[in-house]
Each structure stands twice: as C-alpha cells, then as structure tokens.
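The values are calculated or read from the model by the stated rules, or taken from the named source; none is laboratory data. In this text the structure is predicted, and so the values were computed from the model without any measurement. Backbone-built Cβ (ideal geometry, glycine too); neighbour counts: all protein chains shown. Side chains are part of the model used for accessible areas, which takes the heavy atoms of the whole protein and leaves out ligands, DNA and RNA. Shrake-Rupley method; radii C 1.70, N 1.55, O 1.52, S 1.80 Å.
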Amino acid sequence: MSVNYEDIAKKLRVISDPKRLRIIDMLSCDELCACEILEKFDISQPTLSHDMRKLEEVGLVTSWREGKNTYYSLDKDSLDEIEDSLRLIFHIQDDCICKE
C-alpha cells in the first residue's frame, strides 16, 4: 500500500479541530441526527453545518436527509485508510521511503 500524503494531510487538517474529532468519536458509536450532535455542543446550527461540511468534503462523513432532519454517519473505509497510512508512515516497512 502506498501513502497518498496529500489526501491524508487534508483529512488530518480537518480532524485536527477538537470539536470535529469529538464528532467523529460520537459517530463511531452510531449514526446521529444533526440535532443530537448539536445537543452536545455550545454552538449554533450554522457552525455545526460548517464542521459537518468539512468532514464530508474529505470523505470522513456521509449524510442523508429525512424530512427536515439530516443524519450523519462515518465512512469507515476512509477512517481505515487514515489508520493504515499512519501505520505505514510511523513504522519501518520493507518498502519504507527511508530505504529508497
């Protein structure tokens, strides 16, 4: 597996915000309605929408609407990609960049 440094860096920038990281943690348990996420923070709905849009733009979260409610869930494959890439970066591998 090769590492796409640009893609991983974009995702890490988005999740470097503590609030967004907490949202990811919340979504790791189950999908949630925006209203359920909003209850856990002292922020406005537009601020939450901005954060969720950032998470969606890098592919970490998916959303769908049901009536007036928006539901969010994690893209587990995208999170697995981050985890796998960081493992490759942080540990010596047979085909490690440091051996080139």
Per-residue accessible area for residue 10 at 1.4 Å probe radius, Å² rounded to 10? 110
Carbon + sulfur, % of accessible area of the chain - ligands and nucleic acids excluded, 1.4 Å: 49
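Can you put 37, 89 in order of accessible area, largest first, using a 1.4 Å probe? Walk me through the intermediate numbers first.
Numbers: 37 0, 89 70 Å².
The ordering from most to least exposed comes out as 89, 37.
For the chain, what is the mean residue ellipticity at 222 nm derived from helices alone (per DSSP H run of n ≥ 4: -39500 (n - 2.57); sum divided by total residues; nearest 500 deg cm²/dmol)?
Working: 5 runs with 54 residues, N = 100.
About -16500 deg cm²/dmol.
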Any idea what the relative contact order of the chain is, in percent, if you count C-alpha pairs under 8 Å spaced at least 6 apart? 30
Using label points projected 7 Å from each Cα along Cα→Cβ, tell me how many nm separate residue 38 and residue 91, to one decimal. 4.2
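Which sequence of 35, 29 reflects their accessible areas, 1.4 Å probe, from the largest down?
Numbers: 35 70, 29 115 Å².
Result, largest first: 29, 35.
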Ordering 70, 47 from largest to smallest accessible area (1.4 angstrom probe), what's the sequence? 47, 70
Could you report the accessible area of residue 79 in Å², rounded to 10, computed with a 1.4 Å probe on the protein chains as they sit in the structure? 40
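Summing +1 for each Lys or Arg and -1 for each Asp or Glu, what net charge is found among the other residues whose Cβ lies under 11 Å from the Cβ of residue 15?
Details: positive: 10, 11, 13, 19, 20, 22, 54; negative: 17, 25, 51.
Spelling it out: positives minus negatives among the neighbours equals +4.
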Let's see if you can work this out: charge +1 on each Lys and Arg Cβ, -1 on each Asp and Glu Cβ, no other charges. What is the dipole magnitude of the chain about its Cα centre, in debye to the nearest 20? 440
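Work out, step by step, the length gained on full extension between residue 45 and residue 5: first 0.36 nm times the residue separation, then minus their alpha carbon distance; give nm to one decimal. Mind showing how you got there, number by number?
Details: separation 40, 0.36 × 40 = 14.40 nm, distance 3.23 nm.
Fully extending the segment from residue 45 to residue 5 adds 11.2 nm.
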Using only Cα atoms, find the angle between the long axis of helix 45-57 and the longest principal axis of the chain, and express it within 0 to 90 degrees, rounded to the nearest 10. 30
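Write down the Kirkwood hydrodynamic radius of the chain, to one decimal in angstroms, obtained as one divided by the mean of 1/r over all alpha carbon pairs.
On the way: mean 1/r = 0.0678 Å⁻¹.
Radius from the Kirkwood sum: 14.8 Å.
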If you stretched the chain out fully between residue 68 and residue 26, how much longer would it get, using 0.36 nm times the residue separation minus the C-alpha to C-alpha distance? 13.0 nm
